[in-house]
Number of protein chains: 4
Amino acid sequence: MAGNTWGQAFTVTSFGESHGPAIGCVVDGCPPGIAIDEALLQTDLDRRKPGTSRYVTQRREGDEARIVSGVFEGVTTGTPIAVIIENTDQRSRDYSKIKDVFRPNHADYAYLQKYGVRDYRGGGRSSARETAVRVAAGAIARRVLAERFGVRIQGYLAQMGPIRLACEDLDAANTNPFFCAEPARLGELEDYINALRRDGDSIGARIDVVAAGVPPGWGEPVFDRLDADIAKALMSINAVKGVEIGDGFGVVETRGSEHRDEMAPTGFRSNHSGGIQGGISSGQTIRASMALKPTSSIVIPGDTIDTRGQATQMRTTGRHDPCVGLRAAPIAEAMLAIVLLDHALRHRGQNADVDSGLPPIGGEPGG
Amino acid sequence: MAGNTWGQAFTVTSFGESHGPAIGCVVDGCPPGIAIDEALLQTDLDRRKPGTSRYVTQRREGDEARIVSGVFEGVTTGTPIAVIIENTDQRSRDYSKIKDVFRPNHADYAYLQKYGVRDYRGGGRSSARETAVRVAAGAIARRVLAERFGVRIQGYLAQMGPIRLACEDLDAANTNPFFCAEPARLGELEDYINALRRDGDSIGARIDVVAAGVPPGWGEPVFDRLDADIAKALMSINAVKGVEIGDGFGVVETRGSEHRDEMAPTGFRSNHSGGIQGGISSGQTIRASMALKPTSSIVIPGDTIDTRGQATQMRTTGRHDPCVGLRAAPIAEAMLAIVLLDHALRHRGQNADVDSGLPPIGGEPGG
Amino acid sequence: MAGNTWGQAFTVTSFGESHGPAIGCVVDGCPPGIAIDEALLQTDLDRRKPGTSRYVTQRREGDEARIVSGVFEGVTTGTPIAVIIENTDQRSRDYSKIKDVFRPNHADYAYLQKYGVRDYRGGGRSSARETAVRVAAGAIARRVLAERFGVRIQGYLAQMGPIRLACEDLDAANTNPFFCAEPARLGELEDYINALRRDGDSIGARIDVVAAGVPPGWGEPVFDRLDADIAKALMSINAVKGVEIGDGFGVVETRGSEHRDEMAPTGFRSNHSGGIQGGISSGQTIRASMALKPTSSIVIPGDTIDTRGQATQMRTTGRHDPCVGLRAAPIAEAMLAIVLLDHALRHRGQNADVDSGLPPIGGEPGG
Amino acid sequence: MAGNTWGQAFTVTSFGESHGPAIGCVVDGCPPGIAIDEALLQTDLDRRKPGTSRYVTQRREGDEARIVSGVFEGVTTGTPIAVIIENTDQRSRDYSKIKDVFRPNHADYAYLQKYGVRDYRGGGRSSARETAVRVAAGAIARRVLAERFGVRIQGYLAQMGPIRLACEDLDAANTNPFFCAEPARLGELEDYINALRRDGDSIGARIDVVAAGVPPGWGEPVFDRLDADIAKALMSINAVKGVEIGDGFGVVETRGSEHRDEMAPTGFRSNHSGGIQGGISSGQTIRASMALKPTSSIVIPGDTIDTRGQATQMRTTGRHDPCVGLRAAPIAEAMLAIVLLDHALRHRGQNADVDSGLPPIGGEPGG
């Protein structure tokens, strides 16, 4: 009801505020016998972590994940895996400037209206710091998906402001701080961010994420379609305002004769659908995309009101990303992994003994 | 698990195949004492119904909703409301052509892979006919939202193929078969559809939907954000491939200094966020958008395979819409209503006694 | 939230009032490919049906179950199975006597307090008639359990008032109107009921139910233990006030040295635990028991109040069972089946690829 | 699915193994603005804690609960409250004796069958230690129930082996290590336990728990009845094998003319129903009872098998309670509180604006 748990078969319950003692999650429903340790989680956490390049916020988060249950002698036991990340960067600070003021386009006003009380320190529960636990839980899901189902997931920066990027080398996305899969254009990205920082402004971004190796049959009609759950998962990430599957909004101007993914004995001839048909995976590569808004935490002062309804101004002075999208690829990967594993287990529960009798079909473009 | 139930506080469980005996739903959690009858449901069902204009499929669906429980002496009792719509248009027909063939870009292949068995008559469970029950359930949700919470919801056609439409007159959207809120351009739409029909092709569309009167505080961090649930709800509608909240993908190229919705004692100065901040309603008008793909059911033959993996061709001869988006506005309204009422009741359960102490703020642009 | 849905993997959503147009349910998550038809449901419905012997109420319920979705060409398709039972016995009647009066120990008072409105005709939603849909859904669950998992379920009358009955012949329980597994004592039961009817009074009963063939491993720690879910399922049946697993309340006076079920290479030496240890099935026969209160609908007048708070009296004149427990064995079987199948599918989803490596152990006493 | 989360509106997600790094829980859906701190939790934890008297196990559990989220400046914020209890008593130990042996009537065998892997240290997830987190979560629920709804909950020992105890002084139950509400018989209990310990054996117990001040209207028909959820909650506690509401199994031999709770303008004349009618609270005191089996961890050797299926013997040498029921009253209180608050919030969500129009009725016996 209060919305801090994801999933039905593989569930993630998230907790924690940005500047409270700790954040973390409880992962329930993980199959037993999977090798998991803290180093595995740390690898993904480090990819998301602030302070790793000069293009993202310099806040030093320890982000050290501690597994306190559900793993015994190096493997999962099938019981809940609790992960705790202490908030080490809790410097004593003066919050008097933001305590009674609503930062524009933040959750401050909505939270206070909802709960009547608000942890005003650094965004509290609505802080982007919360996404660290998604990445930790996602690391577990990705490991299970890889080991048991042969699924591989990768996200990358598809657009930052006006700069549209191709997916030329998916592996390269993990080798630069922009998660850029078109390495030749890294200089262009650096220049843009540097100019933005000089302006004291911020910019939006588009992240694409793909999953290869998903077998046909995952996803549930009618409401819990695989694409619907992916849409929810990505839209639940801080700052996301739009989600696409396959060709996304491009379909509006496309004709049916172009869009339909024709089939041949050697496989699908195209993948406009993004690997999902009727809400169920088709066996093709799953392709999703999300749009992240520019952060409102910028040094250019903005008009706002305080808790008494009086006009005032807000100017962010702390550590913030000029483009929050730059750190979002690992979060998109994590959420996609959590959705996919949840559906894999749900599908297996109901349909484990199904034999479709269909012959395997061939590869597919863009797979 | 099998995904045919929506919601936590206000739930809708959907059932039925396109050409089985009946479709319907069970609505659970509806507050008691609300005046509901079959005429209310029929009004919305008729708006969605095929055969109502020459621009949509001519299949004659009875779409007569029968309420068989949960309503007594004209008002809801708080117990489950079951709605049944008999499938009257079940003419005996020859299905031999589609029985063993996968229609391109339909759910046929994915369903057979998932379940090993498939109701091949007219799409079965994956048919757009299933959306009728969403509309019926949505009519109940809309009534509760209007009576108890003062919320009004309206959808309209924002784009069809290359034709982008303004929202000049929201009320007008209910007076033409295109759900077009820019009535001066109806002729343009008619010409486009007629040409499309001559080509035997189909086209995509974009539907916008707004909800006015939503108070601040609805929506749950972190996963069950209001925008995340709206994204799932809209993406769960047949043929939808993209969802946006507020400015949507437009944020990618927007700077933070433009995008942030500044506040004044008289209210928000803009609504780029689409009425949702941090996953929680802000009190502004909620704005969402969805992209529907062109139907693959067209008369132009397409390549496909049969259940033995052999190459064949598919050519749709039956009744089909050249633009399925034209009937989608009532479905978007229904899903938005279901999401909002679910969150209204969830919020009330946890926070009924909250007093934020905030002074009311003024109106907002675009509301 | 409103509590009319059972289960997570195999779900049953129930609807309907005693004297409304229809009752029914939606069964979601049923594995595909199972042979199901209306005759299967009818067999179990007829076992529960009133009017089948002179020892139970003479109300003639049609109880004809109609399957309107989810079954195609004789087998389940994996999509929701909706079952509708029309209320044919809706004779026009004078409800003025009960409309504004709370029948003692019925749900009348609590419902009106909860909802502010109440369907007063024959108990409405709280009527025992609602259990018919449980039996219909249970028939589906039993079929799946038998076909796919080799599980057999049987309930029987263990006690009626002071008469305690042995389980001498489980099969015999299906051949007499008392569901009595000690046939030699049928005359005793008949005499007791006849005397009770002359007194215009009613009596309680205890029903035992067993499930044989359940493999080890079903059930989830910590909250959703198999025994916990069985307890909830049985306690959710009208008139039930107590539930036991295995030795039940007998454990209070038992020593650990007697109670523990010792093991040998040939299997367990006893089954005090009722086939469940640590909330998980042990592979032994599952044994549960439930106590049903005497119905309060008796001809002996009772004191009560009306909706204005004024003192009045209530005397039931209609058709009622002197011992509602006599019809409860099929309901207990149905609920146990629904619980077991739900857990079977949940277990399979998470643990389908587990190999415990344990050698099979032998049979067990009392199985 | 994996069953470690309780509730829908007020949820508790439990994690942790007996001898892993920590146990704990995430409480989601707690209303905001409630004063909560670690001392509150500690009070209840200390009541459950082992080692507090010579009649219970001498294991020294730190049981120090740390709240790491959801509480800010002393009050709940409406976001998830995570509670962590480090396992300080993790002495290095030789587990070789139990590693490959199934303790009779423990969860060892069932867990290994289910998961294929097992944390064998002290019972792991199936240890009674897990109930500490229930008590911590229950302390939060009790505080909300008391502050916002005026509900008070108390459990006590109703029977230990052959000794049946009256409820003469409910307050006294908190002042002795037996949770005995008939203080005059404390000596009898002490003698019995001492004799039991000399025999190296264990015994069962019955715990009663009552909730006063629950208003009418909590609980949901049909499946999620208040009594059904209480039954599940109590049966989910380690060692519980039977649950009763109100008169429980006593109803089997009771006539309807005795059992029905007649009403008068001054209130109910009796409370055989235990405060719940039709699954919904009636406004009377809620009365429930549970039976706990004797622990199987006794020094008298018992026959069992090892993981290769070979016969062996088991003899518990460590610290164990001769009557686990002696520490169960706080756990029963906690689970009852969690169930009640969950239903309170669910009821409020759906029915917050209901006015039944009924005049208040008077007190009740045994309230």
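All of the numbers you see were taken from the coordinates with simple rules; none came from a lab. What you are looking at is a predicted structure, and each value in this text was computed from that prediction instead of being measured. No Cβ is skipped: glycine too gets one built from the backbone with ideal geometry, and neighbour counts run over all protein chains shown.
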Let me know the mean shielding of D:22-34 by other chains, meaning the per-residue number of their Cβ atoms within 10 Å of its Cβ. 6
Express the C-alpha Rg of the protein assembly as shown as a ratio against the empirical globular expectation 2.2 N^0.38 Å, rounded to two decimals. 0.89
Most positive-pole-ward Cα, D:G3, D:F15, D:Y109, against dipole of chain D from beta carbon charges: D:Y109
Considering only the label points, 7 Å along Cα→Cβ from Cα, what distances in nm to one decimal separate B:P265 from the same position in each other copy, shortest first? 5.7, 7.9, 9.0
Counted charge near B:L341, where neighbours are those whose Cβ lies closer than 10 Å (Asp, Glu -1; Lys, Arg +1): +3
For a quick protection proxy, order the peptides B:223-235, C:211-223 by their average other-Cβ count within 10 Å, most packed first. B:223-235, C:211-223
For n ≥ 4 DSSP H runs only, could you compute -39500 (n - 2.57) per run for chain D, divide by its residues and tell me the 222 nm figure to the nearest 500? -7500 deg cm²/dmol
Would you tell me which residue of chain A has the beta carbon closest to the rotation axis bringing chain A onto chain C, and how many whole Å away it is? A:G349, 1
Shortest first and in nm to one decimal, what separations exist between B:T88 and its copies in the other chains, measuring from label points 7 Å along the Cα-to-beta-carbon line? 2.4, 7.1, 7.5
Fewest-first sequence of D:F268, B:F102 by Cβ atoms within 10 Å of each Cβ: B:F102, D:F268
Classified through the alpha carbon gyration tensor (a ≥ b ≥ c as square roots of its eigenvalues; rounded if a/c is under 1.5, else prolate when a/b is larger than b/c, else oblate), the stretch C:76-204 comes out oblate
Which one of A:C30, A:T88, A:V214 has its Cα pushed farthest toward the positive end of the charge dipole of the stretch A:5-351, where Lys and Arg give +1 and Asp and Glu give -1 at the Cβ? A:T88
Whether the stretch B:179-231 is rounded, prolate or oblate, judged on the alpha carbon gyration tensor where a/c under 1.5 counts as rounded: oblate
With 10 Å bins from zero, work out the P(r) of the stretch D:5-351 over every alpha carbon pair and list the percent per bin. 5, 24, 32, 25, 11, 2, 0
Would you work out if the stretch C:152-195 is rounded, prolate or oblate? Take a ≥ b ≥ c from the square roots of the eigenvalues of the alpha-carbon gyration tensor; rounded if a/c is under 1.5, else prolate when a/b is larger than b/c, oblate otherwise. prolate
With only Lys, Arg, Asp and Glu charged, each at its Cβ (+1 for the first two, -1 for the last two), find how big the charge dipole of the stretch D:243-349 is about the Cα centre; round to the nearest 20 debye. 260
Summing +1 per Lys or Arg and -1 per Asp or Glu among the other residues with Cβ less than 12 Å from A:G200's Cβ gives +2
Taking r as the C-beta separation of A:T88 and C:F149 and R0 as 45 Å, the FRET efficiency to the nearest 0.05 is 0.35
Residues whose placed amide H lies under 5 Å from that of B:E262, excluding near-sequence neighbours: B:R269, B:S270
With +1 on the Cβ of every Lys and Arg and -1 on the Cβ of every Asp and Glu, and nothing else charged, how large is the dipole of the stretch C:5-351 about its Cα centre, in debye rounded to the nearest 20? 780
Past 28 Å, Cα to Cα, is the threshold; run D:K99/D:K293; B:K114/C:K232; A:K97/A:K232 against it and keep the listed order. B:K114/C:K232; A:K97/A:K232
Compute the helix-to-body angle for A:329-351: its Cα long axis versus the longest principal axis of chain A, expressed 0 to 90° and rounded to tens. 40
Mean-position separation - Cα centroids, the stretch A:171-233 and the stretch D:254-291, in angstrom: 60
Assuming R0 = 25 Å, what is the FRET efficiency of B:E258 and A:R308, from their Cβ-Cβ distance, to the nearest 0.05? 0.35
For D:T312, what residues show an amide H to amide H distance below 5 Å, using hydrogens built from the backbone and excluding near sequence neighbours? D:T304, D:I305, D:D306
Estimated FRET transfer efficiency when R0 is 60 angstrom, pair B:R197-C:T175 (beta carbons, to 0.05): 0.35
Can you give the angle from 0 to 90° between the axis of helix A:38-48 and the longest principal axis of chain A, with both taken from C-alpha atoms, to the nearest 10? 70
Using amide H atoms built 1.01 Å from N in the peptide plane, name the residues 5+ places from C:S127, or on other chains, whose amide H lies under 5 Å from its own. C:S18
Summarise the partner chain shielding of D:263-276 as one whole number: the mean count of Cβ atoms from other chains within 10 Å of each residue's Cβ. 4
Can you give the charge dipole size of the protein assembly as shown about its Cα centre, rounded to the nearest 20 debye, using +1 on the beta carbon of Lys and Arg and -1 on the beta carbon of Asp and Glu? 0
For the pair A:R269 and A:Y95, how long in nm is the line joining their label points, each one 7 Å along Cα→Cβ? 6.0
Work out the mean other chain Cβ neighbour count within 10 Å for the residues of A:69-76 and drop it here as an integer. 5
When chain A is modelled as a GNM with alpha-carbon springs shorter than 10 Å, which of A:R255, A:R66, A:R125 fluctuates the most? A:R255
Descending packing, highest mean Cβ count within 10 Å first, for B:336-347, B:36-47, D:296-307 is B:336-347, D:296-307, B:36-47
Which one, A:T79, A:G325, A:G283, projects farthest toward the positive side of the charge dipole computed for the stretch A:5-351 from Cβ point charges (K/R +1, D/E -1)? A:G325
Express in whole angstrom the spacing between the alpha-carbon centres of the stretch B:1-39 and the stretch C:84-154. 19
Relative contact order %, chain C, counting alpha carbon pairs below 8 Å whose residues are six or more apart: 21
